[in-house]
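Coordinate-derived values only; no laboratory data. Every value quoted in this text rests on a predicted model; they were computed, and no experiment measured them. Note that we place each Cβ from the backbone using ideal geometry, even for glycine, and neighbour counts take in every protein chain shown.
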Amino acid sequence: MLIASYDQWREAKKQVLEEENPEIDCEECGGLGEIYERCHCCGGEKEEECDLCDGRGTIRYLDSSKPRPGNDLVGQRVYFQEVIADLKTWCTYTKQDFLQVAGGFVNEFRKQHGIRGRHGITRYKGRA
C-alpha cells in the first residue's frame, strides 16, 4: 500500500476543502454561536449572538477570514489519524498484521516530524 506524504495529503485535502466548502467552527465564537463578555465595571456577564455566524456556530470554509482556515482539518494529527484508519481497513481487507504494517508508518512519521518515544525516551531494537 502506498501512503501519501503529509505534504501531498495536505495539498489534496485543502483542494477538497475548497471544492466542497464545508462548514467549520466559527472563528469568532469558537463554535458556540454566542459570545460571552465580562463587564469591567460590575463583573457581570453579557451574552450576545455571534455576528459572524448569526448564532449558528459554524461558517463556510471559504468565508473564513483566517489566512489558512480549517488548519485543524489539515494538521499532522488529522493526517496521522486518517492514515491509521486507512491502514486498519487495508489490513482487515488483505488479512495482514496491522501492527506490522502500521509500525513502519509510525516510525517513519516520528522521524519526519521529530517525535520521540514516550516520555521523551527514544526506544531502540534490542534494548529493554
- Task: Using label points projected 7 Å from each Cα along Cα→Cβ, tell me how many nm separate GLU34 and GLN81, to one decimal.
- Result: 2.7
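With a Förster radius of 30 Å, plug the Cβ-Cβ distance of THR94 and GLN8 into 1/(1 + (r/R0)^6) and report the FRET value to the nearest 0.05.
So the FRET efficiency works out to roughly 0.85.
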- Note on the structure: What helix-only [θ] at 222 nm does the chain give? Using -39500 (n - 2.57) per DSSP H run of at least 4, over all residues, to the nearest 500, the answer is -13000 deg cm²/dmol
- Long-range amide H partners of THR58, meaning residues 5 or more apart or on another chain whose placed amide H is closer than 5 Å, are CYS26
- Query: Tell me, what are the semi-axes, in whole angstrom and largest first, of the equivalent ellipsoid of the chain as set by the roots of 5 times the Cα gyration tensor eigenvalues?
  - Reply: 40, 21, 13
- Taking neighbour Cβ counts within 10 Å as the exposure measure, how do TYR61, TYR93 sort from fewest upward? TYR93, TYR61
- Relative exposure of THR89, THR58, judged by other C-beta atoms within 10 Å (fewest first): THR89, THR58
